[in-house]
Each structure stands twice: as C-alpha cells, then as structure tokens.
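Data first, discussion second: the structure below is written as structure tokens.
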Amino acid sequence: MRGLLKRMLKYKFQILLGIIALLLVDLAQLVIPLIVRRAVDSLRSGNATSGILLRFGLYILGLALFIAVFRFFWRYFIMGTARKVERDVRNELYYHLLKLSANFFNKERTGEIMAHATNDANAIRMAVGMGIVALSDTFIYSIFSLGAMISISPTLTLYTVIPLPILTIFMLSFGKLIYKLFEDVQRTFSTMTESVREAITGIRVIKGFAQENGQLRDFEKINNSFVVKNMKLVKVWGAFQPVINLFASLSIALLLLVGGRKVILNEISLGDFVAFSSYLGMMIWPMIAIGWVTNLLQRGAASMDRIERILKTEPEITSPPHPRKVKLEGNICVRNLTFGYVPNKPIIYDIDFEIKQGEKLGILGRTGSGKSTIVYLIPRIFDPPEGSIYIDGVDVRSMYLDDLRKSISLVPQESILFSTTIKENLTYGNPDAGEDEIINALKVAEIYDEIMEMPDGLNTQVGERGVTLSGGQRQRLAIARAVLRNAPIFILDDALSAVDAETESRILRNLSDFLKTKTTIIISHRVSALKDCNQIIVLDRGKIVDRGTHEELISREGIYKHIYEMQKLEEEVAG
Ligand code: ATP
Ligand code: MG
C-alpha cells in the first residue's frame, strides 16, 4: 500500500480536485430525494399546482445538469490520475529492467515480466481509480444517506439497514473467490497468447516438421481450459447478482412492511416514505462497494508488491563506488581469467592474452568452447573476476561502466535488429552519423547495393512490419552498425558466419583500413578469416591449447592445422 500511496502523492492536487467534484456530485444526488419528498407531500396534501410541480421539475433538471458537469470532472481528474500512476509505474519498471544485468533475464521468464507490465499495471490503475471513487462514495453516501434516513425515522432505519452489513461480508468473501478465479483465467490467457506467439515465430519449424496437427491439439487443449476457467467465473457471477438482489429486496420488503405501516399510522408522510426509499437505494451501492473496493485495493497492493520486487532487484553489474573516468585507447590485457556462469563451475580457465591498439587477435575453437563467453566479459555483459581484464592498464571492474561500454563495438553472434528503419538501426550507436558515414559503413559491410535496391533505401522498415532480411543481410547490417559506432575496440563474434567465404574476405579487406587504429578481436570458425591476425588463440573446452600466428599454427600439428586442412580441402572441392 505504501508504494501505491507514494506514487499517488505526486498527483495530490488532481486527486483533491477529483474528490471535490465527486463530493459535489454526491451531495447533489442526495438533495434529489428531498425535492421529490416535497413534491409528493404537496401532491398528497392536495395543494400542488402545475406551477409548483414545474418548479420542482426544474430543480431536479438543474441538479441533473450540475451532476453531469461535475461527473465529467471527477472522472477526468480521478481516472486521469489513475492512468498517470499506471504510466509512471510502467516507465519505472521499463527503465529498471533496462538497467538489470543479462543474468536477471536468464533467470526470469519473459512472460512473467510482460505480465507485470500489463496485468499488474492494470490492477494498480483500478486500485487507484476505483479505489478513490469507491472509498469517497462509500463514505459520503453512507454518512449522508444514513443521516437523512435517521432524521426521517430512526426505527425504520434500524430495520431496513440490518441486511446491508451482511451484504458487505458476503461481497468480501465473494470478491476473494472471484479474484482467484479471475487470476486463473488471466494465467490461462497468458499461456494461450504465449503459445500462439511461439507458434507464429516458429512457423517454419512447425511446417518443416509437419507438426501442424500436433500444434493444433496442444492449442485446443489450452483453449478449452480457458473456456472451463471462464465458465467457473460465469457461474459464480451468475449466482452473485441474484444474491445481491435478494438482500436488496429484503431491505425493500422491510421498508414496505415497517415504513408502510408508519405512513398509515401517520408517523411519517408519504413524501418521507418515498425519500426514505431513495436513500435506502443509495445505501445499497456503498455496502456492495466496500467489499468490492477492499478486493480491488488488495489486488492493487499485491501487484505493486510484485512490481516492487523487480524494482528492488539491484543490477548485478554496475559502476564501482569510486569509478575511474577513462578515455580508452584499447590496449587489452587478460590475465588468468577463469569464469563460470554458475559459481564454482568454470567454463573458461586461465585465459591469458594481450592485444595492443592496432593489433588483431583471432579466436578459434569448437562450438561451446567458450569463445563468446570471453568476449562478453570484456564489456562486462557478464562480470569477470576482479584483476583479470585490464584495458590501458585499468581493471575493467574499476571503470565507469558507460566509459567502458562506449569504447567497445561488439557485433554479437546473433544479429538483432530493431523494428524500425534501416537508417535508425545503423545509427543506433551513433545517432549523429552523417549520410556519407552511413554510406561508407554500408560499403565496408558489402551491403550498400542491396540496401539501395530496396523500395525505400535507407528508410526501408525492417522487422515484423517491414521487409524480412536474410541472415547474411542482418549480419552485414550489424557490422555496418558497429563500424558507424567507431569505438576503439572492435569485436566480431562469429559475425560473418552467414555470409559466404568470398564476401567474408572482401569485408575483412574493406575493414582493414578502419581497423588500423583499433584493437580487434575476431572470432570465427573459418581459418580464412583469421589468417591476418597478429595472434590467434585456439580454444578447446575452455582452455587455450595453442597460440601463434597463422603461419606458426599451420606449421605444427594441432586443432588449427586440422581445421585449416579440412577447409582447404572443402574449398578445392567446391572451387
Ligand atoms: P559457439 O561457437 O557455438 O558460439 P562458443 O565457443 O561461443 O560456442 P559459449 O557461448 O562461450 O561458446 O559457451 C560456452 C559454454 O558456456 C557452453 O557450454 C554454454 O552452454 C555455456 N553458456 C553460454 N552462455 C551461458 C549463459 N548465459 N548461462 C549459462 N551458461 C552459458
Ligand atoms: Mg559463440
């Protein structure tokens, strides 16, 4: 609750204005029965004229107009605030998620994170909006209606309100049940959307394995269970309305019985009776609302808790308390680097190498040998142990994280592009890049001509709503993006695996001028991509098993020479 209140406090004036408008509406609402009472009494006493009735009619009309205006304002202020609180919470969550480390997303399920941003944010909005309205309404209506009823007849009030607290209790337990069922429905719904999403993304695999029928059976199962869960909710709701009506009718029956008698005995006037019945009607809603709003607030608080759990998760990887500001040239030194994703289970052991500005290091090794792991440790996507990676003599762990990451262009193994234009994707790491820089980067990555042939050139949309790029096109765009970023350290993690060997060597040739002043790491499965490196390390099961230049490595027996000869053979066969 405290989290919720803290976020609402920011909008206290809007909330106050909303509550004032709500108060005015409620008070006007409460005046109407008084007018009706006067009208009925004057009818009953026989001295009503059309003039008098017209006057009462006009009063009511005036009040209705007043209510209409202020109802607009309370909705505007209170529901508006609820939307804003929801927006703030979402922004806060999104911002925090971006700061969290890669490890967090390994552990947390995407669907659940999405649920926080949707269902939980919704529940918070409902709690804020309807919470304020129902609380104020309940308060105003119950006090004033009750006051008016007591002033008409205390005993009648006593009789008729007896069933109402039962209504509240009933509503409370009922609300819990409905909430539980509703959660069930929501959960099934997320499972269903997730399964559709997965099927759509994996449509090629499904078709390739001819699994449409199996997929359909699975979906039908989920879809059916969605109906079953919903039917439970339907049944409970179905029983709910009649029970509420029953209690309300009980009150009205008591009113007729006890109040009617009082009219006959002339203890109260017919006008009193009519007004009383209106006030009684006004009491019923707040009694239901108390139960309802309690649930709503509980739900909102629970959602806030869930979101705060994430907000309280500290990013594992941050700048140290007293970071060093650095302007890096890029001389990398790795010493005795041992690392595992899980404590005490190393994936790479005792890695040692040094790269000076202007030099290239090549890394070769079988799949799963730990190549990507090494390069993810340099920008601290995962955290290396202290004292194991230095750039320009400074431990990466003691630098400003931003300084460190800004000096590295990493082209990851999976080239991810965002659903926007090619141009925006390219300038992602360097928004100020000019047209000629962009063209140059595209030419270096050997993709300029292909982009220019696309319908809108640089402004072509990529991703879900735009053109679908091939794996090789995506990789080359990712390289152009990294070239544009122009950072002192340049890392290619198997970034040319989807282009043919010829294009690869052309790109590497194009890059050579650009790389003269950079510190470069190239990971590749192809020896041809590595032969110009100043030093190549050969990795096997997390250990460096050999190192040297291309010439040195092919002069002795080992993995490198073996792979080299295999690939040479392939080339000869193909060529
Ligand atoms: P490839 O040539 O296939 O890209 P690689 O040499 O790049 O392989 P890595 O991605 O570094 O290999 O993986 C090395 C080992 O670390 C693998 O056994 C892999 O299962 C494990 N691994 C990789 N990423 C993670 C992670 N985020 N969490 C836990 N284990 C991981
Ligand atoms: Mg890899």
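The values are calculated or read from the model by the stated rules, or taken from the named source; none is laboratory data. Bear in mind the structure is a predicted one, so any value in this text is a computation, not a measurement. Don't worry about glycine lacking a Cβ; one is built from the backbone with ideal geometry, like all the others, and counts go over all protein chains shown. The protein model used for the area step is the full one, side chains on, heavy atoms only, and it has no ligands, DNA or RNA in it. Shrake-Rupley method; radii C 1.70, N 1.55, O 1.52, S 1.80 Å.
The criterion of being within 16 Å of ligand 2 (Cβ to nearest atom), within 32 Å of the chain's Cα centre (by Cα) and open to solvent by less than 60 Å² (accessible area, probe 1.4 Å) holds for Ile381.
Scoring Val326 on the criteria (1) hydrophobic (A, V, I, L, M, F, W, C); (2) open to solvent by less than 60 Å² (accessible area, probe 1.4 Å); (3) modelled with pLDDT of 90 or more leaves a single failure, condition (3). The single condition among (1) open to solvent by 50 Å² or more (accessible area, probe 1.4 Å); (2) outside any helix (DSSP H, G or I) that Ala433 does not satisfy is (1). For region 336-348, the set of residues classified as away from ligand 1 (no atom under 12 Å from the Cβ) and surrounded by 14 or more Cβ atoms within 10 Å (Cβ to Cβ) consists of Leu337, Thr338, listed by residue number. Within region 211-236, being polar (S, T, N, Q) and within 30 Å of Leu177 (Cβ to Cβ) holds for Asn223, Asn224, Ser225, Asn230. Scanning region 475-530 for residues that are among the polar types (S, T, N, Q) and within 14 Å of ligand 2 (Cβ to nearest atom) yields Gln475, Ser497, Ser524.
Anything in region 547-570 that is assigned to a helix (DSSP H, G or I) and of a type in the set (S, T, N, Q)? List them, or say none. Across region 547-570, the qualifying residue is only Gln567. Among the residues of region 87-105, those that are in contact (Cβ under 8 Å) with a residue 12 or more places away in the chain and of a type outside the set (Ser, Thr, Tyr) comprise Asp88, Val89, Arg90, Glu92, Leu93, His96, Leu97, Lys99, Leu100, Ala102, Asn103, Phe104. Can you spot a residue in region 350-372 that is open to solvent by less than 10 Å² (accessible area, probe 1.4 Å) and free of Cβ contacts under 8 Å to residues at least 60 places away in the same chain? Within region 350-372, none of the residues are open to solvent by less than 10 Å² (accessible area, probe 1.4 Å) and free of Cβ contacts under 8 Å to residues at least 60 places away in the same chain. Within region 96-108, the set of residues being within 15 Å of ligand 1 (Cβ to nearest atom), of a type outside the set (A, V, I, L, M, F, W, C) and closer than 17 Å to Arg306 by Cβ comprises Lys107, Glu108. Scanning region 461-476 for residues that are outside any loop (DSSP other than H, G, I, E, B), away from ligand 1 (no atom under 16 Å from the Cβ) and open to solvent by less than 30 Å² (accessible area, probe 1.4 Å) gives Val462, Gly472, Arg476. Every test in (1) free of Cβ contacts under 8 Å to residues at least 60 places away in the same chain; (2) more than 20 Å from Ile544 (Cα to Cα); (3) in contact with a helix residue (DSSP H, G or I) (Cβ under 6 Å, 6 or more places away or on another chain) is passed by Asp395 save one, and that test is (3). Scanning region 439-449 finds no residues that are in contact with a strand residue (DSSP E or B) (Cβ under 7 Å, 6 or more places away or on another chain) and open to solvent by less than 30 Å² (accessible area, probe 1.4 Å). With respect to Asn230, determine if the residue is of a type outside the set (A, V, I, L, M), on the phi < 0 side of the Ramachandran plot and surrounded by 15 or more Cβ atoms within 10 Å (Cβ to Cβ). Criteria met by Asn230. Inside region 337-364, residues that are under 38 Å from the mean Cα position of the chain (by Cα) and closer than 14 Å to Ile523 by Cα make up a count of 1.
If you go through region 477-499 and keep only what is more than 16 Å from ligand 1 (Cβ to nearest atom) and not in a helix (DSSP H, G or I), you end up with Asn486, Ala487, Pro488, Ile489, Phe490, Val499.
Only one entry in Ala21, Ala48 is surrounded by 16 or more Cβ atoms within 10 Å (Cβ to Cβ) and not in a helix (DSSP H, G or I), namely Ala48.
Per-residue answers, yes or no, for (1) open to solvent by less than 60 Å² (accessible area, probe 1.4 Å); (2) assigned by TED's automatic domain parsing to the domain that holds Asp120; (3) more than 23 Å from Ala28 (Cβ to Cβ):
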| site | (1), (2), (3) |
| --- | --- |
| Ser278 | yes, yes, no |
| Met282 | yes, yes, no |
| Met287 | yes, yes, no |
| Arg299 | yes, yes, yes |
| Arg306 | no, yes, yes |
| Pro321 | no, no, yes |
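Taken as a whole, the structure places Glu414 among residues that are under 29 Å from Thr549 (Cα atoms), open to solvent by 90 Å² or more (accessible area, probe 1.4 Å), part of a loop (DSSP other than H, G, I, E, B) and within 16 Å of ligand 2 (Cβ to nearest atom). Scanning region 514-538 for residues that are under 20 Å from Ile408 (Cβ atoms) and open to solvent by 60 Å² or more (accessible area, probe 1.4 Å) returns Lys516, Thr517, Asn534. Of the residues examined, Ile521 is one that is touching a strand residue (DSSP E or B) at 6+ places or on another chain (Cβ under 7 Å), within 16 Å of ligand 1 (Cβ to nearest atom), at pLDDT 95 or above and not assigned by TED's automatic domain parsing to the domain that holds Gly434. Name the residue that is nearest to the chain's Cα centre (by Cα), counting only residues in region 384-415 that are of a type in the set (Gly, Ala, Ser) and more than 15 Å from ligand 1 (Cβ to nearest atom). Of everything passing the filter in region 384-415, Ser409 is nearest to the chain's Cα centre (by Cα). Away from ligand 2 (no atom under 13 Å from the Cβ) and either closer than 26 Å to Leu469 by Cβ or acidic (Asp, Glu) (or both) - does that describe any residue in region 362-376? Checked against the condition, which is being away from ligand 2 (no atom under 13 Å from the Cβ) and either closer than 26 Å to Leu469 by Cβ or acidic (Asp, Glu) (or both), region 362-376 yields no hits at all.
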